[in-house]
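Okay, structure first, notes after.
Nothing in this text is a laboratory measurement; each read-out follows from the coordinates by a stated rule. Since this is a predicted model, take the numbers as computed values, not measurements. In this analysis, Cβ positions are derived from the backbone assuming ideal geometry, glycine residues included, and neighbour counts consider all displayed protein chains.
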Amino acid sequence: MFFSGSISLGHHRHRPNRRMVGLLLAAMLLGGCQPLTQSTSGAPDSPHSDDLDSDVTAPDVLTLIYSRSPVTLNPHLATGFQDFEAARIIYEPLASYGPDGQLVPILAADLPSLENGDISEDRRSVTWRLQETLRWSDGEPLTAEDVVFTYKFIINKDVAAVTAQYYRDIKSIEAVDDHTVKIIFKQPTASWQTPFTGLNGLILPEHLFKDFNNRKAREAPANFQPVGTGPYRYLTQAQGRLLFAPNELYRYTLNSGFKRVEILGDVPPYVAARDVLRDGTADFAHNIQLESAALIDLVETGAAGNLLLTFGSQVERIMLNFADPNQETQAKERSSKDFPHPILRDFRVRQAIDYGIDRQAIARQLYGDLGQATSQLLVAPNPAGEQPIPFKHDVETAKALLDEAGWVDSDGDGVRDRNGKPLQLIFQTSIGTIRQATQAMVQQQLADIGINVLIERIRTDDFFSADPDQTNSINHFYADMQEYAIGNDIPDPTIYMSWWTCDNIAALENNWQKPNNARYCNSDYDYLWNIARSEIDPAARNELFRQMDRLLADDVAVLPIVHRSLANAVSNRITGYTFTPWDASTWDIANWQQATPVENAPDRAVKNSQIESTPSESDASTEDAETTE
């Protein structure tokens, strides 16, 4: 049912040409990894001791690069992928999902099942049993009460957790004993595994957050000085980098050889790729999003690392605004569902735009092997036997549809008009190399059918902001079209497919916190989703999700463009990693190891004597930073 592919774009000394072709499917778990072993030594009463005067030499430092800097280390208050990636080094869920989409126990002693009785026959409850020796990195025990508290923190409206939607089907939760948690659902649910798993299920320590389960949640010191159960613990910030050290209280013995992990953010994609693939001055760069042509030289000639592609659920899409961004309500709300879009509410215009965009050209010219043209939103998991939703670039059909809708070029200026108004649309997206190139291609393609597209480029942090006062955000959507990438972040797509329901429309009344930023509303779609959320039979649920995906395509509710890969650059000097599309790239950082001793390594040491309590500014620019959201 589930699929993801990992492709290695590695360094080969003998090739017939310089194109990225003939790719080999590679196992996502690369050799040289020794399995983690349960620690047999007793955990110390006093957790840690750091020699702040000692140096950590380059081979002992694992350097991770991101296009954006973490804003918080509390995953439930995350502002973007970079926060989740950093938090995942520290915090852990009860279970997560491997590359095949199957659950893997993490903090749980075992997985619930019908066979062991931990999933009720009526699918209204699930019981999780924790490992009994879990400890936070400050020495406190992790118990079922921490799990219960995490739920209370997430659903508290005053906290405004970004992960709240994954817990809305829970009726109650209780700590049966120190190591057992029972969840009761509001109705029978097939997606019992959604809460407390993957990125959205990371458990917080109650003893550090209990006084901040309120409007002061974002002021909690633990948001910036976290205490977790993961393989590494947070130290501090130094020279614009986040520093981590091995967690001596971790339940397994680490064999990595790394004495430090450091995260550097705000690094432009080309610089990040160069540092890992060619120069060898970093070990990992997250999701390099560059035009295919810009990557070829680094991939072909760089001998220090490889570019690994993981195809999961991420789809680069163009959202169409079903509300009028230029009309205000009495409450001064723009893009309100009360005012339909004067142009895009016409199905024929949406169809024309769909026919006018050449997906294959965008995928081929800009993405190369990093993406595949698509017209569907639900690309993973991919139910067996499902046929892809077809798409077609047809300029003449697009023109005919616009003629039928009454948009004609009455003055011969190349732009269609109706009733004296030009057919003009504003197209916005975040600042990034591929996105600006996509905007340019779409602008030209739609110009070919008589639509004038105006381009707007928005700072990445503003575009993806959850701040209700940030009017440039995707949820305010004060434009006609906007582009970004996202997908279901767990294999079960129930939550993901809810983002097009009428109840989830982003609006002033919910502080623009709901995910339906297109303001799309279709009762037939809502009907299918409500059936799917409680359907127990897997085949029947898959069929309902297929119908929902097809309905969105038939109604041209959104324009999926490219099925995007997660393109991680990884140094040859590390091994043992396994990338999954269903969790952060750092989800198994406990397994990452030094492949071989490194002699004459570039000087990447960080002297602990230079550590400061206040971070310094990074010299890297965010202007070309790309995001996976």
Quick one: Karplus J couplings for region 206-214, per residue in order, coefficients 6.51, -1.76, 1.60, θ = phi - 60°, nearest Hz, x for Gly and Pro?
-> 4, 5, 9, 10, 4, 7, 10, 8, 6
Run through all the Cα pairs of region 95-145 and give the fraction in each 5 Å bin from 0, expressed as whole percent.
-> 5, 18, 20, 22, 18, 11, 5, 1, 0
Please turn the phi angles of region 172-182 into ³J(HN,Hα) values with the Karplus equation 6.51 cos²θ - 1.76 cosθ + 1.60 (θ = phi - 60°), one per residue in order, whole Hz, x for glycine and proline.
-> 7, 8, 9, 8, 5, 8, 4, 10, 9, 10, 10
In what sequence, highest mean first, do 329-337, 350-358, 223-231, 130-138 appear when ranked by Cβ atoms within 10 angstrom?
-> 350-358, 223-231, 130-138, 329-337
Of the beta bridges DSSP finds with both residues in the chain, what % are antiparallel, to the nearest 5?
-> 80
Sorted by Cβ density within 10 Å, fewest first, the residues Glu115, Glu174, Glu145 | Glu115, Glu174, Glu145
Could you give log10 I(q)/I(0) at q = 0.22 Å⁻¹ for region 62-135, computed by the Debye formula over C-alpha point scatterers of equal weight, without solvent?
-> -1.03
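For each of His207, His286, count neighbouring Cβ atoms within 10 Å of the residue's Cβ, then give the residues from fewest to most.
Ascending number of Cβ neighbours within 10 Å: His207, His286.
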Could you work out the relative contact order of the chain, using alpha carbon pairs under 8 angstrom and six or more residues apart, expressed as a whole percent?
-> 23
Cut-off under 5 Å, modelled amide H: who pairs with Val104 long-range = Ser96, Tyr97, Gly98
Can you tell me which of 463-469, 64-70 comes out highest on packing, and rank the rest after it, using the mean Cβ neighbours within 10 Å?
-> 64-70, 463-469
How large are Rg and Dmax for the chain when only the alpha carbon atoms are used, in Å?
-> 24.8, 83
Ranking of Asp492, Asp283, Asp211, Asp462 by count of other Cβ atoms within 10 Å, fewest first | Asp211, Asp462, Asp492, Asp283
For region 354-480, what does the equivalent ellipsoid look like in terms of its semi-axes, each the square root of 5 times an eigenvalue of the Cα gyration tensor, given largest first in whole Å?
-> 27, 23, 14
A student asked for the Cα radius of gyration and Dmax of region 91-227 in angstrom ought to give 14.6, 44
Computed FRET efficiency, Cβ-Cβ of Asn326 and Ile184, R0 56 Å: what is it to the nearest 0.05?
-> 0.75
Sticking with the crude label model, points 7 Å out along Cα→Cβ, report the distance from Glu140 to Arg459 in nm, one decimal please.
-> 3.6
Tell me, what HN-Hα J-couplings in whole Hz come from the Karplus equation 6.51 cos²θ - 1.76 cosθ + 1.60 at θ = phi - 60° for each residue of region 99-110, using x for Gly and Pro?
-> x, 8, x, 8, 5, 10, x, 10, 7, 6, 6, 7
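Give me the orientation-averaged projected area of the Cα convex hull of region 162-252, in nm², one decimal.
Details: hull surface 32.4 nm².
With the hull built on Cα positions only, its mean projection is 8.1 nm².
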Contact order relative to length of region 91-227, as percent, for alpha carbon pairs under 8 angstrom and 6 or more apart = 29
Find which of Asn488, Ala507, Gln436 sits farthest along the positive direction of the dipole of region 400-509, computed with +1 on the beta-carbon of Lys and Arg, -1 on that of Asp and Glu, about the Cα centre.
-> Gln436
Simple spin-label model, 7 Å along Cα-to-Cβ: Lys210 to Asp122 in nm?
-> 3.4
Pull out the extension gain between Val395 and Ile536, defined as 0.36 nm times the separation in residues minus the alpha carbon to alpha carbon distance; nm, one decimal.
-> 46.4 nm
On full extension of the chain, what length is gained from Glu509 through Ser410, given 0.36 nm per residue of separation minus the C-alpha to C-alpha distance?
-> 31.5 nm
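Magnitude of the Cβ-charge dipole of region 91-227, K/R +1 and D/E -1, about the Cα centre, nearest 20 debye?
Working: 14 positive and 20 negative charges, 145 e Å.
That gives region 91-227 a dipole magnitude of about 700 debye.
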When you count, for each residue, the other Cβ atoms within 10 Å and take the mean per peptide, how do 267-279, 439-451 rank with the highest first?
-> 267-279, 439-451
